[in-house]
Structure formats: C-alpha cells, structure tokens
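Here's the structure we're looking at; comments come further down.
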Amino acid sequence: MRSRPPRTPVESADVGAAARQLAGRVVRTPVIRADALLETAGSRLWLKAENLQRAGSYKVRGALLAVDRVAREGRHRRVLTQSSGNHGIAVAMAARECGLPATVVLPMDAAQVKVNQIRSYGAEVIQPAPMFEDCRPAILELLATDRYEYIDLHGDSDLVAGQGTASLELLEDVPGLDALIVPVAGGSGLAGAVLAARATGQDVAIYGVEPSGCGSLARSLQAGERITVEAVPGLVDALTSRQPGALPFGIFRDSVAGAIAIDDDAVIHAFGLALFSLKLLLEPAGVIGLAAALTAAIRDRYRNIGVLLTGGNVAAATAADLVAAYLEGTGHHG
C-alpha cells in the first residue's frame, strides 16, 4: 500500500504546532457551559461545540493538516481516504482548498446527507461494499494504480495532532477540568486529547466513549493490546470500529482513565437535551459524549467535565426520528 509515511511517534508538541498551522483556517468553536443541565448532570459540564466547526465536525482539523502535507510533498496529485462520513467530508473540503482531486471510499450504508456533502466539495465517491471493513479490497485496488496518496483514517499522525487541537482549545479555555470525554472510533481524537493534556500539563482524567454495540475500545484497553470485535449496528454506526487504530492506541493505551459504553436510548435522551435545553443540533456520534457525561459513573465522580461534541452532520429525517423518540421517552406528546 502506498500511503504517507507516518511521523511517529506523535508528540504533545505536535498538537501545539498543529494549532498554529490551523490558526485562521478552522473555527475556535465556543465552549458551552451547560448550566441548564446542572441539575440533571450533577456536575458542571463544559461542551466544546465542534458541530459548529467548518464542514460540521472536528475532523476538518486533521484533514487540513494531512492534505496540506500531501500538497507540499508533491509525490501524488490525488488523495484517497476511507470514511464512514465526517472524515470524508473534511478531506474533500481540504482537498478542494489545496487544489487536489479527492476520492472517498464509503460503505453503502453511509448517511446520504454525508455522501451529498462530500460530493458538494467535488470529490469522487465510491461505495463498493455494504460495511466499512468490507471496503478494504477496493482501496487496495485503487492504491495499486500508484495514483493516490492515502490518508489513513485510523493511522495518520496529522489526524491525531489535528483532532487534538479541539481538546487543546477546551483545556486552554477551561483550565482545571477534572475529566474530559472524547468519542472514539479509530481513536485519533482520543490520542490527540491525551497529547493535548500533556501539552498543557493538566492532570485530567480522559475517557473514550463508544457505542455499547461495539466494545473494541474497552476490550482493547483491558487486554493492553488491540482487540478485534464484531460490532452490532445501532444509532451511532459512525463509531462502530472493529478495533482501535495502531498509531492512536499506542498513544492512549496507558494514559486514559477508561472506556464508557453508551446505548441507543442514552444517545436519544442526550440528543433531546442538547436540542431543547442547549439549542445545539448534533448527530448521534456527536452527542454520545454528552450521554457519557450524564452516566452515574462520571457525574458522581467529577465536578467539572469537558465533553467534545464532535459533529452535527445529521439528516433532517434522522433528527426528526430522534426528536420523536426523545418525546416518546419523556412522555411528551403533540
């Protein structure tokens, strides 16, 4: 496989360097002090609203760095990546800004709203197989043509450093957090959070959160090595990774406080609270961190909790279904 040589290991200084490189190119998104949820949460929540980021998610932070590097190095003139949605949107946007063609490989079950956004940036979309993991042969076939520079969703040092800038901003804006919660699929964002905490010198308990139908993070942390699981589909399909990425896992394996598993009902409840109490529209993967912060294991243990709300690219029909489910669950009708 032809892909960009990873700069390993990624260090805490890389996150600060990434922040400087991204200055003026990404939004320094607001941190919402969720006082409206103080009674529900039992703790003060500080929510980093990356749903308000360019391209609708924090994935643009790493994508801009990665595509910039491809453009500077000049070995290839086309970028290739695999995604379940938001990363593909971010790479497509970054590629357009750098004047490079992009190809994004998605599973057939990718949300149509995200497919449309990727195409709106001029990228080619290929959907060769029903599930994320089944798309690998198509990627290898494309790479064999030697036309593409591959940006590895789960193993690129620029993605770790870039995603880490969101946590860095949160830690700078709210020094003294007791805990920080980051949604996890491959783990670049979680690894970036670990490096950001080291960069600021803050002693903060960092948790990864994943869908209860996945479990790859929890099992891998318990085993001390990457474990492959068979994920069960659910509301947060964007985070159902069969195993953490090798590069990020090597960074966060011994540095995180643990993994939190969240079921669909908790995601629905958190979506409704975010929308109606905080006026924030989030996608299921973007709100799962808030759901984790509301669990007894977290809210009863920490006083000040930071949460990355990682994205808001949700289809209108999906949002309507989530609202209906939330109202049904809370007993509000009509």
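The values are calculated or read from the model by the stated rules, or taken from the named source; none is laboratory data. As the structure is a prediction and not an experimental result, all values here were calculated from the model. Glycine also receives a Cβ, built like all others from the backbone with ideal geometry; neighbour counts cover every protein chain displayed. Heads up: the accessible areas ignore ligands, DNA and RNA and are worked out on the full protein's heavy atoms, side chains in. Shrake-Rupley method; radii C 1.70, N 1.55, O 1.52, S 1.80 Å.
Within region 187-203, residues that are closer than 14 Å to Asp14 by Cβ sit with their Cβ atoms under 7 Å from residues that are among the small types (Gly, Ala, Ser) and at pLDDT below 95, at 6+ positions apart or across chains, in these pairs: Ser188/Gly245.
In region 267-286, which residue that is assigned to a loop (DSSP other than H, G, I, E, B) and in contact (Cβ under 8 Å) with a residue 12 or more places away in the chain is surrounded by the most Cβ atoms within 10 Å (Cβ to Cβ)? For region 267-286, the residue satisfying everything is Glu283.
Results for (1) in a loop (DSSP other than H, G, I, E, B); (2) in contact with a Phe, Trp or Tyr (Cβ under 6 Å, 6 or more places away or on another chain); (3) surrounded by 15 or more Cβ atoms within 10 Å (Cβ to Cβ), shown as yes or no for each residue.
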| site | (1), (2), (3) |
| --- | --- |
| His87 | no, no, yes |
| Ala90 | no, no, yes |
| Leu100 | yes, no, yes |
| Met108 | yes, no, no |
| Val113 | no, no, yes |
| Asp134 | no, no, no |
| Asp146 | yes, no, no |
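Among residues that are in contact (Cβ under 8 Å) with a residue 40 or more places away in the chain and either open to solvent by 10 Å² or more (accessible area, probe 1.4 Å) or within 13 Å of the chain's Cα centre (by Cα) (or both), Gly234 is not included.
Among the residues of region 241-266, those identified as over 27 Å from Asp178 (Cα atoms) and open to solvent by 30 Å² or more (accessible area, probe 1.4 Å) are Arg242, Gln243, Ala246.
With a requirement of 3 or more residues that are within 16 Å of Ala102 (Cβ to Cβ), the strands (runs of 3 or more DSSP E) lying completely within region 1-83 that satisfy it span 79-82.
Consider only pairs whose beta carbons are under 6 Å apart and that are at least six residues apart or on different chains; among these, list those whose first residue lies in region 287-299 and is in a helix (DSSP H, G or I) and whose second residue is of a type outside the set (A, V, I, L, M). Listed pairs, sorted by first residue: Val287/Phe271; Ile288/Pro183; Gly289/Pro183; Arg299/Gly42; Arg299/Ser43. Scan region 137-174 for residues that are without any contact (Cβ under 8 Å) to a residue 40 or more places away in the chain and not β-branched (Val, Ile, Thr) and jot them down. Passing the criteria: Pro137, Ala138, Glu141, Ala144, Glu172.
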